[in-house]
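Taking it in order: structure first as structure tokens, then the write-up.
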Amino acid sequence: MTTSTAEWAVRYTVELEDPGAHLLRVRLEIPRPDPAGQVLRLPTWIPGSYLIREFARHVQWLRAADATGPLAVRRLDKAAWALAPSAGPVRVELQVWASDLSVRAAFFDQQRCYFNGTSLLPAVVGQEAAPCALRILPPTFAPTWRVATTLPRTSGERHGFGDFLAADYDELIDHPVEIADFVLLEFEAAGVPHEVALTGVFSLDEERLIADLTAICAHEIQFFGLPAPMERYLFQVAVVGDGYGGLEHRSSTSLVCGRDSLPTSGMKGTPEAYRAFLGLCSHEYFHTWNVKRIKPAAFLPYDLTREAHTELLWAFEGLTSYYDDLILVRSGVIDEASYLDLLARTLTGVLRTPGRKVQPVVEASFDAWTRYYRQDENSPNALISYYTKGALVGLTLDLHLRVHSGGAVSLDDLMLRLWERHGRPLIGVPEDGVEAILRELGGEGLRPLLDLCLRSTDELPLEPLLAAVGVELHLRAQEGADDKGGTAGGGASKAPTGWLGATLAGDGKVKHALVGGPAARAGLSAGDQVIALDGLRCGGDLSKRVSKMQPGERCTLHAFRRDELLELQLEVAAPPVDTAWLRVAAGVSPEAEALRAAWLRGPVGLS
């Protein structure tokens with residue numbers, strides 16, 4: 001089947017030109033260009049990743065022609081091109097370098113091709129609301145490659161090359177495309193067909209992965225209520241040696257994971273790496289509702305030419321980060337003890353970040369563009385993550401609502417009201433919209449807690465709230481460089497370990513020196529390269545070497561700052577008491593037991 005010009009305003013054709021050079025060729029057919037001179041524009045950022053990425057910098061060249069011959073092309077700015085006036089149809093061709101092995105841009109080599117439309121497909125300015133056709137040509141060098149995308153198809157076999165049609169430019173760029181000889185898994189959750197397309201070299205227990213994803217997806221669909229907002233869903237998974245990340249789209253998600261993140265035949269339990277991968281899948285899938293349809297008003301419509309600042313990322317990313325692991329236990333994929341371990345690790349990560357005492361979470365949200373996505377050597381001292389702090393804010397508000405209402409209301413009610421008022425009708429959430437609904441649920445007396453959680457750097461009142469649902473919160477010192485929290489540790493029998501208060505790269509170069517830590521007090525700074533400890537060669541293993549020393553012990557460090565040799569005196573300190581672990585308390589009241597069960601089980605009737 002071939003689409004006619006009556007069905008589309010612009011047709012894009014993608015050709016996989018040169019895998020060795022990572023080059024893709026894109027062609028545009030514009031039947032009705034602006035007679036005054038058509039303008040083309042590539043986005044500067046991709047929704048869900050809040051950084052100006054300048055995708056146009058990867059365009060090698062762009063040319064245009066009409067029936068009379070070549071048209072002059074003039075650059076308007078960093079991401080826009082103006083074509084000379086033409087009365088008839090215009091053809092545009094551009095070549096794009098695609099070598100970003102992430103979920104945000106485009107990648108092409110001999111093993112696979114992946115792209116987001118934001119990286120390849122320029123908008124035809126003035127015609128963004130009109131239908132767009134996309135044709136993907138099969139590569140001659142890879143006859144077994146297939147196509148995985150949720151963009152509606154108009155020609156070609158399922159997973160084959162052919163033609164696709166989007167209602168407008170926004171839809172066109174919200175369906176990433178995976179092209180490879182991928183492994184394809186299929187399952188159904190709450191009546192919705194799902195696919196998982198995996199690329200790379202890996203071993204996999206397909207039945208285990210399908211069972212776990214089915215439980216997660218079915219739970220999230222049932223949580224927000226039928227019908228689901230998508231007719232089908234796709235997980236695109238790039239499996240690499242070492243990697244982690246995801247990006248949400250309206251009916252799919254793109255993921256990168258390490259090989260050890262996947263379940264294998266005979267695997268016992270749910271190892272840490274696989275648990276993290278399931279949490280990532282849960283997180284991006286939850287975004288199908290919270291971000292892709294429940295959106296900040298600042299994102300409606302997306303302006304992809306400039307930053308779109310909002311103070312609400314704590315709610316859209318942070319609350320999603322709260323629910324991603326909570327849904328793992330609610331859906332039965334992990335047990336209660338495993339969930340408490342994950343929660344304690346999140347709390348540990350926040351407590352070990354000095355920036356939590358500097359930056360409130362609403363400021364962290366607003367500053368995502370200029371600070372969180374552009375971190376430097378001082379970031380741990382000055383910033384807090386709206387993901388992790390936002391997750392703990394979600395926990396605080398959820399437990400407070402449950403405890404003070406006797407279990408009558410919870411954060412679940414917030415999410416469902418957001419869905420009914422802003423998601424189903426697609427009405428942007430105003431900057432005070434989330435707090436307004438929370439005050440509906442918890443009363444005006446909730447204001448002080450909201451101020452503390454969102455606009456203060458004070459510690460969150462988690463200990464008494466957890467105790468009210470029968471969970472004990474304990475803090476201890478870190479026991480070694482690999483200690484992420486979540487467990488009780490060695491206790492009194494564990495010998496004190498030394499603490500450096502800095503992170504180093506493998507070559508001994510200091511990445512971060514924490515404010516008030518021993519390294520900073522000794523005069524060590526980010527960028528310094530450690531070469532010796534007490535006269536013996538030392539580099540990236542400095543933290544482990546110091547961890548074997550006693551608090552109060554003194555030692556001599558030698559390091560280069562630029563090309564100058566420094567001799568510094570370091571006094572080893574005891575690690576701060578910032579490592580959290582949680583356990584279910586014994587002998588708690590039936591009311592506390594009931595509150596904890598409702599929290600970890602979720603709304604009645606959900607499996």
- request: Calculate how steeply helix 388-404 sits against the longest principal axis of the alpha-carbon atoms of the chain, using the helix alpha-carbon long axis, and give the answer as 0 to 90 degrees to the nearest 10.
  value: 70 degrees
task: Could you check what % of the DSSP bridge pairs in the chain are antiparallel, to the nearest 5?
output: 80 percent
task: Multiply the residue gap between Ala436 and Gln60 by 0.36 nm, knock off their C-alpha separation, and tell me the result in nm, one decimal place.
output: 130.5 nm
query: Cα gyration tensor of the stretch 449-509, axes a ≥ b ≥ c as square roots of the eigenvalues: rounded (a/c below 1.5), prolate (a/b > b/c) or oblate?
result: oblate
- request: Please work out the FRET efficiency for the pair Arg537 and Val201, using the Cβ-Cβ distance as r and a Förster radius of 35 Å; give the result to the nearest 0.05.
  value: 0.45
task: For the stretch 289-352, state which trypsin sites (Lys or Arg not before Pro) are in a DSSP loop and have at most 11 other beta carbons lying within 10 Å of their beta carbon.
output: Arg306
query: In degrees, nearest 10, range 0 to 90: what is the angle between the Cα axis of helix 590-601 and the longest Cα principal axis of the chain?
result: 30 degrees
task: Give the angle, between 0 and 90 degrees and rounded to the nearest 10, that separates the Cα long axis of helix 336-351 from the longest principal axis of the Cα atoms of the chain.
output: 90 degrees
field: Pairwise FRET efficiency - Leu426 versus Val73, Cβ, R0 = 30 Å, nearest 0.05
entry: 0.25
task: Output the direction-averaged projected area (hull surface divided by four) of the convex hull of the alpha-carbon atoms of the chain, in nm².
output: 30.6 nm²
statement: Most exposed first, judged by fewest Cβ atoms within 10 angstrom, Ser547, Ser456, Ser265 run Ser265, Ser456, Ser547
field: Modelled FRET efficiency - R0 45 Å, Arg561 with Thr487, Cβ distances, 0.05 increments
entry: 0.75
statement: Sorted on mean Cβ neighbours within 10 Å (highest first), peptides 233-242, 571-580 come out as 233-242, 571-580
- request: Please sort 195-204, 56-65 by packing, taking for each peptide the average over its residues of neighbouring beta carbons within 10 angstrom, highest first.
  value: 195-204, 56-65
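Using only alpha-carbon positions, what ratio does the radius of gyration of the stretch 182-270 give when scaled by 2.2 N^0.38 Å?
1.10
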- request: Using only alpha carbon pairs under 8 Å that are at least six residues apart, calculate the relative contact order of the stretch 410-487 and give it in whole percent.
  value: 16 percent
- prompt: So what is the calculated 222 nm ellipticity per residue for the chain, using -39500 (n - 2.57) for each DSSP H run with n of 4 or more, over all residues, to the nearest 500 deg cm²/dmol?
  reply: -7500 deg cm²/dmol
- request: Please say if the stretch 364-508 is rounded, prolate or oblate, where rounded means a/c under 1.5 for a ≥ b ≥ c the square roots of the C-alpha gyration tensor eigenvalues, and otherwise the choice is prolate for a/b larger than b/c and oblate otherwise?
  value: oblate
- request: State the extension gain, in nm to one decimal, for the chain segment bounded by Ala84 and Glu128, taking 0.36 nm per residue of separation less the distance between their alpha-carbons.
  value: 13.9 nm
- request: In nm, give the distance between the simple-model label positions of Arg374 and Arg232, each being 7 Å from the Cα along the Cα-to-Cβ direction.
  value: 4.1 nm
- prompt: At Lys544 and Ala211, where each label point lies 7 Å from the Cα along Cα→Cβ, what is the point-to-point distance in nanometres?
  reply: 3.7 nm
Listed pairs Lys389/Lys484; Lys509/Lys548; Lys268/Lys389; Lys357/Lys389; Lys295/Lys357 exceeding 23 Å between Cα atoms: Lys268/Lys389; Lys295/Lys357
message: Could you give the length gained by full extension between Thr144 and Arg601, i.e. 0.36 nm per residue of separation minus their alpha carbon distance, to one decimal place?
response: 160.1 nm
- prompt: Can you give me the relative contact order of the chain as a percent, contacts being Cα pairs under 8 Å and 6 or more apart?
  reply: 10 percent
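Readers should treat all values here as calculations from the given coordinates under stated rules, not as data from a laboratory. These numbers come from a predicted model, not from an experiment. As a convention, Cβ positions derive from the backbone with ideal geometry for all residues, glycine included, and neighbour counts pool all protein chains shown.
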